[in-house]
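The values are calculated or read from the model by the stated rules, or taken from the named source; none is laboratory data. Since the model is a prediction, treat every value here as computed from it, not as a measurement. Ideal geometry is used to build each Cβ from the backbone, glycine not excepted, and the neighbour counts take in all protein chains shown.
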Amino acid sequence: MVAIFAALIWYVFSASSGGANKSFVEILTSIKLEYLALALLCYFGINVLFTFRLKRVLAREGIKSSWGKTLLAQYAGMLSSDVTPARSGYMLTPIYLRDQNIPAPASLSAILGIQSIEFLVKVIGGTLAIFFLVQTVPPANMNQEVLILAAVGIGLMLFGAVLLILMSTSKRAIAVIQRIAGHRLITRFTRGLLGKLEEYAGNAQKTKKAIPEISALTFVCWLLKGFEWYFLALALGMTLGLSPVLTYIGFFLIHPLVTALGFAPTPGGLGAQEWGVVIVLGLFGVDTFTAFSFALLARGLLIIEDLAGVPQIVRTSSLLFAKKTKEESTLQPTAN
């Protein structure tokens, strides 16, 4: 991650050495706060919809959940994804739901089902973004390597989506996992997992019925994410004067393509996603300082709002630590 960011900063400063671009100080001091507030509001709306989506899927499994606690668990999952490789920390969300006594297999099947649809939406969005780039970017600016990397990213997202869908809907896939987990060489490490897998399989079949609802809510979140990025661009002064195609539709299509890089094996895809932002916006004539500022602002906005999940992470960690301490004390031999 450090190497990627060092290379990115070198690229930004070397590309801006001509002096025609604004400095970071000029860019940051000229941010329009009203548009920044609108971007924050959009991200809040996305998390509210994510929470509603999770509640609806859990309801399909016959589980009631609290609005407030589920929203905090959602923020805790997002914050965990911000600091873990390939955003894998979002899979900790079932742990953050334990204070509502929601069974882990049920919440895990809900999360995996939702993420599979999320990946598919990004695949569709990324594919549309490639067509958008080919049609709108001047041929002199088009970089063939960008298209190759974009295609590879979309392919990986598609592979992940198919894998998660199989884990969430296919009894045969779950049976394969059960056979692997029950192999004599690894069964000592998977004790207790087989029973959980059977419970997970039952919940996954219920989650499958919520696919149309998940898809509709995910698309609405995509629309809001487009507005979030568009307002961030306006906050930085990236008006239509810079590029006629950097309208809302432009950011709506570009976003899923660039954020696919967030699943790179660095904490939250840090560095890789910023590279994507700088390169793609550069295709439209946005100077590197402004593009880099946009990337940092987009990242910072998420982390600042996701800090709302800190209390839930602390509470869950305290509960898990207290439970472990209690179990260890009950196992200690009594004195004669």
Within the stretch 94-119, track down each residue that is among the aromatic types (Phe, Trp, Tyr) and more than 16 Å from the chain's Cα centre (by Cα). Tyr96
Within the stretch 109-148, track down each residue that is at pLDDT below 75, part of a helix (DSSP H, G or I) and in contact with a helix residue (DSSP H, G or I) (Cβ under 8 Å, 6 or more places away or on another chain). Val146, Leu147
Of the residues in the stretch 226-261, those that are farther than 27 Å from Leu156 by Cβ and modelled with pLDDT under 85 come to Gly237, Met238, Thr239, Leu240, Gly241, Leu242, Ser243, Pro244, Thr247
Positions within the stretch 73-102 being over 23 Å from Trp222 (Cβ atoms), touching a helix residue (DSSP H, G or I) at 6+ places or on another chain (Cβ under 7 Å), surrounded by fewer than 24 Cβ atoms within 10 Å (Cβ to Cβ) and not aliphatic (A, V, I, L, M), in sequence order: Pro94, Arg98, Asp99, Gln100
Scan the stretch 242-265 and report the pairs whose first residue is more than 13 Å from Leu133 (Cα to Cα) and whose second residue is part of a loop (DSSP other than H, G, I, E, B) and at pLDDT below 75, with Cβ atoms within less than 7 Å and a gap of 6+ or a chain change. Thr247/Leu240
Restrict the check to the stretch 57-69 and report whether at least one residue is among the aliphatic types (A, V, I, L, M) and at positive phi. no
